[in-house]
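Participant: Before I ask anything, let me first share the structure, which is written out below as structure tokens.
The values are calculated or read from the model by the stated rules, or taken from the named source; none is laboratory data. All values derive from a computational prediction rather than experimental measurement. Here the Cβ positions follow ideal geometry from the backbone for every residue, glycine too, while neighbour counts run over all protein chains shown. In case anyone asks, the SASA skips ligands and DNA or RNA and just uses the protein heavy atoms, side chains included. Shrake-Rupley method; radii C 1.70, N 1.55, O 1.52, S 1.80 Å.
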Amino acid sequence: MSELSPTPSQTVGPFFAFGLPYEGGPEVVPGWREGAIAIRGRVLDGAGDPVPDALVEIWQADGSGRVARGGGALRRDPHGFSGFGRCPTDAAGVYRFTTLRPGASGADAPYIAVAVFARGLLKPVFTRLYLPEDAAAHATDPLLSQIPEDRRATMIAERGTDGVYRFDIRLQGEGETVFLAV
């Protein structure tokens, strides 16, 4: 009789592109709403290649720094603000959101919380997205002040000439995005 060996552990996915998205997931607010901003980026692996089957989630406060409560993100009012969005990446690893500029909450500079689910990750990774216009607030942000100065840029979006914010997320390797322990 042959000896059996244990089955190796498995990572999650890739099922994000069809298991978790929902209609309107990337639209935290409709694009026509006054004050709406667009955020686009790519999820990249350690070699700089796109991750085509990742899922990016964002949570944020509204422009006044208030966090939306109740109602549930999947039942949002099409004119309202839920503070939550979810977007799968496409074949080029691209994701996109339409949202509002977040307001400051407490001592924190305005930010958008970001989670990335991807193949090869046993758990999602978390980071923050800061907007470049808030540089003065970045200098006193309790979390950013703990990040080495040469790594902070991985958490700050760039504003393109078209007005769209670009925030690429590199999962590992050179230029790896700063991820937060939870």
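Participant: Could you grab me the full set of residues in region 103-133 that are at pLDDT 95 or above and open to solvent by 40 Å² or more (accessible area, probe 1.4 Å)?
Facilitator: Let us first name the residues in region 103-133 that are at pLDDT 95 or above, namely 109-116, 125-133.
111, 126, 132, 133, listed by residue number.
Participant: Assess whether residue 88 counts as being touching a helix residue (DSSP H, G or I) at 6+ places or on another chain (Cβ under 8 Å), under 16 Å from residue 39 (Cβ atoms) and touching a residue at least 60 places away in the same chain (Cβ under 8 Å).
Facilitator: So residue 88 passes the test.
Participant: Mind listing just one residue for me: the one in region 45-71 that is open to solvent by 60 Å² or more (accessible area, probe 1.4 Å) and under 14 Å from residue 170 (Cα atoms) and, of those, nearest to the chain's Cα centre (by Cα)? Write out each step before concluding.
Facilitator: Let us first name the residues in region 45-71 that are open to solvent by 60 Å² or more (accessible area, probe 1.4 Å), namely 47, 49, 59, 64, 66-67, 69-70.
If we keep only those that are under 14 Å from residue 170 (Cα atoms) as well, we get 47, 49.
Values: 47: 20, 49: 18 Å.
Selected residue: 49.
Participant: Of the numbered conditions (1) more than 24 Å from residue 84 (Cα to Cα); (2) open to solvent by less than 30 Å² (accessible area, probe 1.4 Å); (3) not hydroxyl-bearing (Ser, Thr, Tyr), residue 144 fails exactly one; give the number of that condition.
Facilitator: Of everything listed in (1) more than 24 Å from residue 84 (Cα to Cα); (2) open to solvent by less than 30 Å² (accessible area, probe 1.4 Å); (3) not hydroxyl-bearing (Ser, Thr, Tyr), residue 144 misses just condition (1).
Participant: Taking residue 82 and the conditions (1) within 28 Å of residue 23 (Cα to Cα); (2) among the polar types (S, T, N, Q); (3) at pLDDT 95 or above, which numbered condition does it fall short on, given that it satisfies the others?
Facilitator: (3)
Participant: If a residue counts only when it is in contact with a Leu (Cβ under 9 Å, 6 or more places away or on another chain) and among the aliphatic types (A, V, I, L, M), which strands (runs of 3 or more DSSP E) contained entirely in region 86-169 have at least 3 such residues? Explain how you work it out, then say what you get.
Facilitator: On the way: elements: 94-100, 112-117, 125-129.
Answer list for region 86-169: 112-117.
Participant: While we're on this one: Just one of the numbered conditions (1) charged (D, E, K, R); (2) modelled with pLDDT under 95; (3) within 12 Å of the chain's Cα centre (by Cα) is not true of residue 42; which one?
Facilitator: Tallying (1) charged (D, E, K, R); (2) modelled with pLDDT under 95; (3) within 12 Å of the chain's Cα centre (by Cα), residue 42 fails exactly one: (2).
Participant: If you scan region 92-113, which residues turn out to be of a type in the set (A, V, I, L, M) and closer than 23 Å to residue 27 by Cβ? Break it down stepwise before answering.
Facilitator: At the first step, the residues of region 92-113 found to be of a type in the set (A, V, I, L, M) are 92, 94, 100, 104, 107, 109, 112-113.
If the condition is that a residue be of a type in the set (A, V, I, L, M) and closer than 23 Å to residue 27 by Cβ, then 92, 94, 100, 112, 113 are the ones that fit.
Participant: What number goes with the only condition from (1) crowded, with 18+ Cβ neighbours inside 10 Å; (2) aromatic (Phe, Trp, Tyr); (3) outside any loop (DSSP other than H, G, I, E, B); (4) at pLDDT below 90 that residue 18 does not pass?
Facilitator: Only one criterion is unmet by residue 18, namely (1).
Participant: Right, next: If I filter region 147-182 down to residues being among the hydroxyl-bearing types (Ser, Thr, Tyr) and either under 14 Å from the mean Cα position of the chain (by Cα) or at pLDDT 95 or above (or both), which single residue comes out as surrounded by the fewest Cβ atoms within 10 Å (Cβ to Cβ)? Explain how you work it out, then say what you get.
Facilitator: First, pick out the residues of region 147-182 that are among the hydroxyl-bearing types (Ser, Thr, Tyr): 154, 161, 165, 177.
Now drop any that are not either under 14 Å from the mean Cα position of the chain (by Cα) or at pLDDT 95 or above (or both), which leaves 154, 165, 177.
Working: 154: 17, 165: 22, 177: 22.
Step by step, filter region 147-182, then rank; the result is 154.
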